[in-house]
Amino acid sequence: MSQYRIAIIGGGPGGLTLARLLHLGGLTVSVFERDTHADDRPQGGTLDLHADTGQRALRLAGLERQFLAAARYDDQGIRLYDSSGTLLFGDDESDGDRPEVDRTALRHMLIESLPAGMIRWGTRVDRIEPGNDGRHDVIAGGVRESFDLVVGADGAWSKVRALLSDAKPVYEGVTMVELGFDDVDRRHPAVAALTGRGKMFALGDNRGLILQRNGHAHIRGYFALRTEQPWAPALEDATPDAIRHRILEYLTGWGDALTNAVWSADTVIGVRPLYALPVGHRWAHRPGMTLIGDAAHLMSPFGGEGVNLAMTDAADLAAALIQGDDAAVERFEEAMAARAAPAADGAAQGLRHSISPTGPAAALAHFREVMVAAA
């Protein structure tokens, strides 16, 4: 299989994990990544990696030591407030096995595990076309290359998925505004105290404020609003202060600790409408092409499963490809779809329960149920 050539479209955690595992398996891989370098754009906040999915993939990739050096086991706590700022639930324990790791740190450890030249930085794929003998041509920057397999790891608006499925992401009715707080323990002690060691949710009447501790004394904040239309068109040209004022209009009557946190944010990072693919998304198997991660099963972040599923997809697809049998790839697709469906349903329910007209009631019941189950 030394001449079997694989193109991975997208250099996120799923695509890079797959590249690492295939490299260890002796296969020839090229990763097409539109970013010009590893730090070309912000990679998002922190991720909790689960022992039997994300962490397992890193162990298979021989990166457990690097992961443990970056993992934050002390940041696994969770808190729930109502809109007045009253604490309804708090668990600051750090003895679980879902440690946090910054998305940027995870990406760097995966990049550094790959040989130079495997990632084609600054390469935007123009299109993918059927080639000869069941292969597919990837056309990028006017250059055409032929591959035995093209893997779509290119996220929500995947070009590869469009060749396999008519499904398109659908707006889930919630838009988030992402905020940033730097050097929080020194510059924003009230925000740090509100957040605790992990993440906090303040919920009320179809809106919420979420604060999440990252590495390097940074906190990411997210204001979430249930609204029929995404905010992005209205706010794409707004100034950061105008966006803060708009958020605070929606938080009228909320507790001072919560509204002060919004106003004190150092940066307004962006407006993020939430989209998802239909729960249970599947496609007819096509030799020479497949999907992993968000390209296959985009879901809201309110289930905490996205990156873990993507990395598990990578581990399982790598095993199928190293086996060298297209039938194994088809079996992988069926298993991936079956695994992703309940996670996607859970993420959709988590979003409905969190940003809901009942405020924190459903979330509080869920946290207490998880607590009882763990006891």
Problem - Inter-centroid distance (Cα atoms) of region 25-63 relative to region 102-132, Å - result: 10
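Give the value in nm², to one decimal: projected area of the alpha carbon convex hull of the chain, averaged over all directions.
Details: hull surface 73.5 nm².
Averaged projected area of the chain's Cα convex hull equals 18.4 nm².
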Handout entry: Fraction of antiparallel bridges per DSSP, the chain only, in percent to nearest 5
Key = 70
Fill in the blank from the handout: In degrees, nearest 10, the alpha-carbon axis of helix 103-112 is tilted away from the dominant principal axis of the alpha carbons of the chain by 30
Fill in the blank from the handout: Summing -39500 (n - 2.57) over every DSSP H run of at least 4 residues in the chain and dividing by its residue count gives a helix-only mean residue ellipticity at 222 nm, to the nearest 500 deg cm²/dmol, of -11000 deg cm²/dmol
Handout entry: Amide H contacts under 5 Å for residue 11, placed H, 5+ residues apart
Key = 34
Handout entry: Estimated Rh, region 125-236: Kirkwood, alpha-carbon pairs, angstrom
Key = 17.9
Problem - Percent of Cα-Cα distances greater than 19 Å, calculated over region 226-375 - result: 67
Problem - Per-residue HN-Hα couplings for region 273-288 [Karplus 6.51, -1.76, 1.60; θ = phi - 60°; Hz; x = Gly/Pro] - result: x, 8, 10, 8, 7, x, 4, x, 3, 9, 8, 6, 4, 10, x, x
Exercise for the section: Can you tell me what the convex hull of the Cα atoms of region 65-106 projects to on average, as an area in nm²? Expected result: 3.8
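Read-outs throughout are calculated quantities, based only on the coordinates presented, and are distinct from any laboratory measurement. All values reported here derive from a predicted model rather than from experimental measurement.
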